[in-house]
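One structure below.
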Amino acid sequence: MSENVVIIGSGPAGWAAAIYTARANLTPLVYEGAITEENQTQGTLPLGQLNLTTEVENYPGFPAGNLCQYLDSAIETSLRSYMAPHLGHGVSGPELMELMRQQAKNFGTRIVTDDIVKVDFKARPFKLSTRDGKTVEAASVIVATGARANYLGLPSEDRFKNRGVSACAVCDGALPRFRNHAIVVIGGGDSAVEEATYLTKFGKVVYMVHRRDALRASKIMQERALSNPKIKMKWNSALEEVLGDDTNGVTGARLKNLKTGATENVECGGVFLAIGHTPNTAFLGGQLALTDKGYVKWTTPARTYTSVEGVFAAGDVADDYYRQAITAAGTGCMSALDAERWLAAQGTH
Ligand code: FAD
Ligand code: NAP
């Protein structure tokens, strides 16, 4: 039997698409990703990028305040107990994502905790293969696989991954190895500021190493970093090598001043990379047209159409510009409406 619509991905885009297609009686099937070591390492576990962060202060509808009672009533008790405690500043990323998932489930969305590893978009119905060897057929597909953290590609970075090198402060920051040590954060965007700010809870000082002399982060985030006494800026600087040994993992970082060429060794217990993201498109095997930056190409202005009719794309996998939870949810909604209308035009629904 062929599914009406299969949604691949479980960030805000995927759940918004699921909520809308479920309410259109399309009985969507969501592949939310697999729980594997590989996905853990590259930050592509189910629930997407927001599941790796703390407070989300800019998603409309979730002002600061105590949301505990609401969360207790809205989310299944078994899942609630896994979630980080609510701090009261706003909704946390994991809370927001569980709420979206639950909302999609409430309207009858079926969820499979597995990755789609291969697609065949050459003939309809489309065929999708899962990591555990199953195949599913679909009349339409929504690709909402988001993006994953970048690394610099240094051999020393690879050597110390999970032993002091990380791309997720929320996942790893509280580990004993970082407590009361200096910590280095690489990058100058919102993620870098957020990681650095969060890490000040654990480290004695956080060095933000940025390749230019101005942050890319939004103004409010910039102010947060620049006014935090525990964050020290290393402007015009790059990470040249992660220093350490097999017994202790990371013990320092060699930084290079890009203006003067001078290098300095900074003692630290960890290095966090926050240098942007790469869209998750490898599983598409080149069957959808991509932009020159590797994002799925939207082929028609203000639509979520891709180069294959009946396949739609939503969220960060197709957006190298806005990359916000709200815009991902917005294009997720658009992709659901586009899929519904396309299926209706085909006479399949
Ligand atoms: P993602 O959230 O990337 O989710 C996609 C998910 O799909 C993956 O994680 C994975 O589970 C699944 N997947 C991937 N490949 C496959 C596959 N082959 N098969 C099945 N499943 C797959 N935005 C804000 O608006 N406010 C914030 O405060 C904010 N904070 C952020 C903090 C951090 C640290 C980061 C990294 C980002 C933050 N963002 C924030 C940006 C926001 O998280 C993203 O814009 C948003 O999550 C994108 O949603 P998405 O649905 O496109 O994809
Ligand atoms: P980003 O905005 O692309 O910033 C990446 C940063 O890393 C930039 O400062 C960039 O430097 C630097 N960088 C990139 N490649 C590098 C390299 N090879 N070596 C050294 N530095 C490098 O990515 P992001 O911070 O992950 O944010 C992604 C999206 O999520 C953004 O749209 C952001 O607004 C959103 N987000 C929002 C929040 C929030 O609202 N609270 C939090 C996190 C993320 P240059 O500046 O020189 O290019």
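Assess whether P46 counts as being touching a Ser or Thr at 6+ places or on another chain (Cβ under 6 Å), open to solvent by less than 40 Å² (accessible area, probe 1.4 Å), at negative phi and not acidic (D, E). Yes.
Conditions (1) among the aromatic types (F, W, Y); (2) touching a residue at least 24 places away in the same chain (Cβ under 8 Å), marked per residue:
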residue	(1), (2)
M97	no, yes
R101	no, yes
K122	no, yes
F126	yes, yes
K134	no, no
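Identification of strands (runs of 3 or more DSSP E) wholly contained in the stretch 266-321 with 1 or more residues that are within 22 Å of W342 (Cβ to Cβ), open to solvent by less than 10 Å² (accessible area, probe 1.4 Å) and not hydroxyl-bearing (S, T, Y) yields 311-313. If I filter the stretch 8-44 down to residues being within 13 Å of D115 (Cβ to Cβ) and of a type in the set (V, I, T), which single residue comes out as nearest to ligand 2 (Cβ to nearest atom)? Top of the filtered list is T44. Taking the stretch 161-264 as the region of interest, the strands (runs of 3 or more DSSP E) fully inside it that hold 3 or more residues being more than 16 Å from ligand 1 (Cβ to nearest atom) are 205-209, 231-234, 237-245, 249-257. Restricting S307, S335 to those that are away from ligand 2 (no atom under 15 Å from the Cβ), under 19 Å from F121 (Cα atoms) and within 21 Å of the chain's Cα centre (by Cα) reduces the list to S335. In the stretch 308-330, the residues that are under 16 Å from T44 (Cβ atoms) reach residues that are of a type in the set (S, T, Y) with C-beta atoms within less than 6 angstrom, at least six apart or across chains, in these pairs: G315/T331; V317/T145.
N162 falls short on exactly one of the conditions (1) at pLDDT below 90; (2) closer than 28 Å to Q287 by Cα, and that condition is (2).
Among residues belonging to the stretch 132-149 that are within 13 Å of ligand 1 (Cβ to nearest atom) and surrounded by fewer than 15 Cβ atoms within 10 Å (Cβ to Cβ), point out the one that is nearest to P279 (Cα to Cα). If we take residues in the stretch 132-149 being within 13 Å of ligand 1 (Cβ to nearest atom) and surrounded by fewer than 15 Cβ atoms within 10 Å (Cβ to Cβ), then D132 is nearest to P279 (Cα to Cα).
Could we say that G203 is under 22 Å from L152 (Cα atoms), of a type in the set (G, A, S) and touching a residue at least 40 places away in the same chain (Cβ under 8 Å) here? In short, no.
Among the listed residues T41, T27, identify the single one that is assigned to a loop (DSSP other than H, G, I, E, B) and either touching a strand residue (DSSP E or B) at 6+ places or on another chain (Cβ under 8 Å) or on the phi < 0 side of the Ramachandran plot (or both).
T27
Scanning the stretch 102-130 for residues that are open to solvent by less than 30 Å² (accessible area, probe 1.4 Å), of a type outside the set (A, V, I, L, M, F, W, C) and part of a loop (DSSP other than H, G, I, E, B) yields T109, D114, D115.
The values are calculated or read from the model by the stated rules, or taken from the named source; none is laboratory data. All values reported here derive from a predicted model rather than from experimental measurement. FYI the Cβ positions are ideal-geometry reconstructions off the backbone, even for glycines, and counts take in every protein chain you see. Only protein heavy atoms, including side chains, enter the accessible area calculation; ligands, DNA and RNA are left aside. Shrake-Rupley method; radii C 1.70, N 1.55, O 1.52, S 1.80 Å.
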